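Just so you know, all these numbers are worked out from the coordinates, no wet-lab data involved. Fair warning: this is a prediction, and the values are worked out from it, not measured in the lab. Positions of Cβ are backbone-derived with ideal geometry, glycine not excepted, and every protein chain shown enters the neighbour counts.
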Amino acid sequence: MKLHRLRVQSFAAVRDAEIAFGPGLNILYGPNDLGKSTLAEAIRLVLLLPHTSTGSDPYIPWSGANDPLVDLTFETEEQRFWRVRKQFGKSGSSLLQESRNGQDFDDVERARRVDARLREILRWGIPEPGAGSGKGIPESFLSAALLSTQAHVSDVLAASLADDPTTTGKDRIAAALQAVAQDPLFITLLRETQERRDEAYTDRGAKKTAKGSVFKLAADRVNEARDEKERLQKIVEDSEGVERRLRELIEERRHLDQEQAAAADRLAATEQLARQAADRAAAADRLRAAQDAVLRVQTMDQDVAAAEEKVKDLAAARSRAEGSVKDAQLAETAAGAALTAADETVRAAGLDSDMADTVARQALELRKIAADQAIGAATAAQELIDTASRADTEHRQREVEMKRAREQRAQAAEAEAAASEELHRCDLLQRAVEARAADKLAATARAQVDKETALRRDRSNIADEREATAERRAAIIVPPAGSLPALRKLATDLASARGALDVGLVMTVIPAALVKVRVRKDGEAPEDLGILAKPLDVEADTEVEVDIADLATVRVRAGRREAQERVQALEARWTADALPHLQAAGVDDLDALDAKLAEARDLDAHLKKLDGDLDSLDRQIAGLEGAAEALRETAARAEACHLALGETKLETLTADLDALGPDPGTTLRTRRHKATQAAETARTTANQAATAETLAEERARTLRTALDAAALARDAALGKLPSGAAREALQAAQEEQKKIQAELASLQSLIDARKKQLEAALSDAREASDKARSGVKTAQEALTQAIRNLASEEGRLAELRKVRAAADLAAAEAIFREATQHHDALPAPERLVLPDEVAAARDALAQAKRDLANVDRDMHITQGMLQQVGGAVARDHLRDALEALEQAESYEREIEADYEAWRLLLDQMKEADAAQASNLGQALAPAIADRFQALTQQRYQSVHLTAHLGTEGVLVAGKLRSPDALSVGTREQLSTLYRLCLGEYLQTTIVLDDQLVQSDDSRMEWFRNLLIEKARTFQIIVFTCRPNDYLDAAAMVTADGPGYVDSEEGFVRAIDLGRAVGRG
Amino acid sequence: MLKLLHTADWHLGKRFPSFPEEAQKKLSRARMNVIATILDVARRNMVHAVLCAGDLFDDPTPGADFWEGLAKIFRDHPPPHIPVFLVPGNHDPLTPESVWSPGHPFRARLPAWVHVVDRDDFTFEITPDAVLYARPCRSKAGECDLAMSLPARAPGDIKLRIGCVHGSTFDLKGYQTNFPISRDAGVERGLDYLAIGDMHSFRDVTASLPVPTVYPGAPEPTSFDEPDAGRVAVVALFRHGSRPRVDSEPVAFWRWLDVRCRSMNDLRALLITKDLERHVVRLHLEMTVTLAEESELERIIRDLEGTDATHGRAGILLVDRTRLRLQVGSADAFPDDLPPVIRDTVARLDRIVAEAVDEADKVKATRALSHLYKLVQRQNDASGGAS
């Protein structure tokens, strides 16, 4: 540290003062009471006291005009200037500025932050303001040692670092002492260790992560390996996902294959069962028909046999009836004889009177017999007529039945035809439904193909656009976007660095002879100035190059070397880092490069979007893969379906198809089922009607025969009577019979009246006669009935025989046997199968085929995907990438551990070194003691300092004596030597305020030489009222010269404070 | 008798990202160099044809250096020229963009006696009595059994039939998509020999069947876990129905050696391994060493590895130090005459080792001691050398 300039205003008794310090020994002299100690205090205050502190109160100007102001400029290291300006008091202020050239200062801190920063710069063991500091000027070992005032000359001997509030002072001294006390081997090892540590860490201990650093290289290697591994892992995951999907599809396909086979088996089994059932039903029908035929013939035989038996029975009954008639007639004859006998008896009893009665009764009896016979004949004829009439009626009924059966059969045939038509219609509609479905599938497939075509067209367009965009993008060569801020900063730094050189300069060329001069300014083209005869000023901004008569070229560049080197370094960086990008991009500046970057970014984004579009289209196209094949298949199927429709156009069936509703298959199945049932019913009805017709025909034929027989009998009967007189004859006969009976009753009453005694016998005879007549009548009626029955049965028998003769029992039995064998030969279905079940099995098979086709398509797509992703190839590459990542990570860990160890080693070496130097007293004491011995001509043997630089005393005659035991002069001299040693080790300014006033001339002379010697290595500022103690007369300030005089090659400066200080 | 040389899995252009750059170049070059060796073996054995069963390039679009290099080897190969058949594998499938594509310049540079199997129905009459059937991979993955897709033997055909495809005979799940090859495909298709490629170790996967189905392995190994790699198969076929004889011949330059050293003696013994310069050595250091031993260990590794000025004894060296441990503390390894500040440094590091709770701190301090030890040793060596 060196002080450059001090300016003081309104500070205690000093109104104003301004001092420019020299780099070495500064002797500031003036008479007592001039304000020398005030200036020393001003330096202490401006460096240590916050402007708000009441510690400045003693320095309020005596005039009370303004607040005290101190302005100090100092330098802490090469090219690092500071300027602190403090105006003390309640309305005061603080300002800290920094400069690289000592001329142009920039504000760094203000107010309270100024003191914090100053203490950080000084590192004197004084904490930041507010951290336990008091109201006065903060003190520390170094503040006492370096800035001690006249009143505290020997304070340093009583102080030590142990009392410092912070360790910054101790650390600074330790570091300074270390630098001069290290072992050469240790220094070598320390340097190597430091170099190794610095390869990896910044000064502040952070890891270096810039390009080229070891950690960055290792991390880049890891990141690169990790990126590659993650990229490959993603490919492998994708691949495994696709493989998994493919395995699932293979499994699903196997399953569906089995399902399809099972569905096909089920359909075949169901159809076989249905066929078996149909065959069995047909055979059963045929068998039943054959059985019916046989049964019919057998029934005929039975009917014939029964009819023959019945004819026999009826013939026997007729014979019995004839016998009964004869018996009854014999009984009647006997009864008549008995009655005659009774009558004879009565007549015998009353011959005369009864003779007429008897004659009358006999006449009446004869008339009665005749009437009875007439009644019998008429009754028989009437019965024959009635029989013929009934036969005719029945015959008509059979004919009506036959007609009805025929009509029923015709109706059934019509119904069957209608049902067949419906079935045909159903078939047609089924084909139409299939055709329409096929058309729909074909349309869908066509739409898919059209879509695929459109997508491929879009893809081609986008691919073209992408290619064009990629070409445009490839033509733009730009650095990563993140590098632009760095380039801008580089440009700014370069401009700033160049600006630092742009300070302007004027070069004067003074020719000693006539010379030819050529000048080039600021890199412009050289200007030939011809022969130069007189001085020439050349003014430029940054650089002047003067070529003098081919003898020499003088180049003058503005700015300090560091600034120029900085520009060169930045230009080199610009050439290396920025220029290639600009040239590659074909632009001249960063703005244009930025625009190019934006354009590249836009193109990248556009490319990304196009890639995304292409991916999307590829996925869509992949999803449509197989559409053309599907279209061919569906179109072929639709064509086949249309061919199946024959000449019927699908359009003509639109209304019918629409009427089928949303589920035409089910509707058609229902309709087909109904039509099948209707056809079955119609066929059954027709069969029944045919059977009924046959029976009716047979019966009609039988009845016709009976009718014909009855008609013959009737006609035979009617032939004995006039036509239509039978009933009249019967009626007349019955009336005659009634009349006769009435006459007989009258006669009988006459007889009764006349022959009372004969009444009982005659009554018995009459009753017997009546009974016999009644028996004859009954027998005759029975005979008539038997004859009629016999005739009827004989007629029926003849008809049956005729029908039977027409039937062939053997043939019917042969057909029956063959039908039975055929029926038995057919396998019986395990169970009943309905048409719905067959249709459901057919649908299930179709569904299974569709599912299988879908899986095949998915498999095709997945296989395509798999072919792109890599499979085992990707796994191989991933294995390599994993190994590489492992290696890189291992290397990174190794590097990290290695450099951590280097850092630890460096820390421990430094700590060991610091520990070795921490006994500061041991390090510093010899230097002080050497000089103290020289000063005192070896009177004192050594100086003992504590580890914290506390002064224990001096060794005199083997005995350690406290500094207090020394004389004031010796103590002042020891104190000054101590402070000079510290200043020298720390290479910093020390301020001595009349330190050696108690020294004799010889010691003063010794000190004067020492100060002049040390002034070449660090700055010493001496305030004194006795300049002759330090300066020769020639080195003094003269009254007519400037306020200071430099001597000893500029290392000694004499400053007359009487001229520099204005007092208030 | 028909003689064939069967090779596969050249993997030209394969990268070895876990190796240092120079080693990667050595390994990559060796893959190219071995092809000339293979052709020499074919000539020496007087084979009738050379079958190359896939994965000849590591990628379907390898760098020009590789396909140009391969074409040059073929072109420069002196006569007599026997037919060579190159089959695309799953690493280098036949695609329109691939090196096998008829329009690729590689194809134009191949001599006429080198045939690329670029058709699914590829057949070639090697001799009047022997026919080759081959089929290329057309993608990086697929579940098609290329061997089973070769034509079956026609009734009455008594010629020798040789199949050549690329794929995996693994019957495990997960390998179905790596062009699976049925183990009895040779028998099923009526072949007399089925030449396949994919596995990098030499292996006859059908030793119990009458038709050999053989992986010849990679002619140069690609990793440490490929036993019996570095070979080609030389096949002698006598007549149809008779099992051919299959011999393997070594062709590799590099031998891959995985070495575990559990003591300094193991490490010292490694130095006397024969032909170490033709070995790719992966050295697993699994031991605990003192500072002095570590110094020797590093010297041996430098000896094996080589320096900028000297060749290493090992051809290529990878060192795995993850199980190398330093004996903690200095253990009085440092000389006594060191300056106090260095002795103090050693003592401080020893103290850290002794007092550290965390094992990592002990390791770090021990490593710092190791650094210091080596620095001191080097200084001593330098001063000793100077004197």
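Computed quantities for the displayed model
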item	result
Base-10 log of normalised Debye intensity for chain B (one unit scatterer per alpha-carbon) at q = 0.13 Å⁻¹	-0.99
Anisotropy class of region B:55-152 from Cα gyration tensor, a/c 1.5 cut	oblate
Distance-filtered residues of region A:376-412 - backbone nitrogen under 15 Å, label point 7 angstrom along A:Thr684 Cα→Cβ	A:412
Gaussian network model of chain B, springs between alpha carbon atoms under 10 Å - residue of B:Ala185, B:Ala360, B:Ala229 with greatest fluctuation	B:Ala360
Loop-located trypsin sites (Lys or Arg not before Pro) in region B:150-237 whose Cβ has at most 11 other Cβ within 10 Å (DSSP)	B:Lys173
Residue-averaged [θ]222 nm for chain A, counting only DSSP H segments that reach four residues, each worth -39500 (n - 2.57)	-24000 deg cm²/dmol
Of all DSSP beta bridges in the protein assembly as shown, antiparallel share, percent nearest 5	60 percent
Set of lysines with alpha-carbon distance to A:Lys596 below 24 Å, sequence-local pairs under 8 removed	A:Lys489, A:Lys608, A:Lys609
Rough spin-label spacing in nm, given labels placed 7 Å along Cα→Cβ, for A:Asp618 and A:Ala162	8.1 nm
Diffusion coefficient, µm² s⁻¹, Stokes-Einstein with Kirkwood Rh over alpha-carbon pairs of region A:217-316 at 37 °C and 0.692 mPa s	148 µm²/s
For B:Thr288, residues with placed amide H under 5 Å, excluding near neighbours	B:Arg325
Antiparallel content of DSSP bridges confined to chain B, in %, to 5	35 percent
Computed over region A:370-433, Kirkwood Rh from alpha-carbon pairs, angstrom	16.4 Å
Straight-distance crosslink candidates among aspartates and glutamates, where the alpha carbon sits under 17 Å from A:Lys312 and sequence neighbours closer than 8 are dropped	A:Asp301, A:Asp303, A:Glu322, A:Glu793, A:Glu794, A:Glu799
Region A:3-80: C-alpha gyration tensor shape, a/c 1.5 cut-off, then a/b vs b/c	oblate
Kirkwood hydrodynamic radius of region B:310-387, from inverse mean 1/r over distinct Cα pairs, in Å	14.5 Å
Taking N as its residue count, the alpha carbon Rg of region A:561-666 over 2.2 N^0.38 Å	2.69
Proximal charge balance of A:Ala342 [Cβ under 9 Å; K/R count +1, D/E count -1]	-2
Prolate/oblate/rounded call for region A:985-1043, Cα gyration tensor, a/c under 1.5 rounded	oblate
Entries of B:Lys26/B:Lys274; A:Lys2/A:Lys36; A:Lys910/B:Lys364; B:Lys26/B:Lys72; A:Lys440/A:Lys674; B:Lys3/B:Lys159 with Cα pairs more than 24 Å apart	A:Lys440/A:Lys674
Distant alpha-carbon pairs in region B:32-99 (separation over 13 angstrom), percent	67 percent
Projected area averaged over orientations for region A:475-628, convex hull of C-alpha atoms, nm²	13.7 nm²
Projected-area average for region A:930-1002 over all orientations - Cα convex hull basis, square nanometres	5.3 nm²
Euclidean distance between Cα centres, region A:81-96 to region A:449-487, Å	63 Å
Reachable lysines from A:Lys534, criterion Cα separation under 28 angstrom, eight or more residues apart if same chain	A:Lys516, A:Lys521
Mean shadow area of the protein assembly as shown over all directions, Cα convex hull, nm²	122.2 nm²
Taking N as its residue count, the alpha carbon Rg of region A:731-837 over 2.2 N^0.38 Å	2.68
Tilt relative to chain B, helix B:21-44 - C-alpha long axis, 0 to 90 degrees, to 10	40 degrees
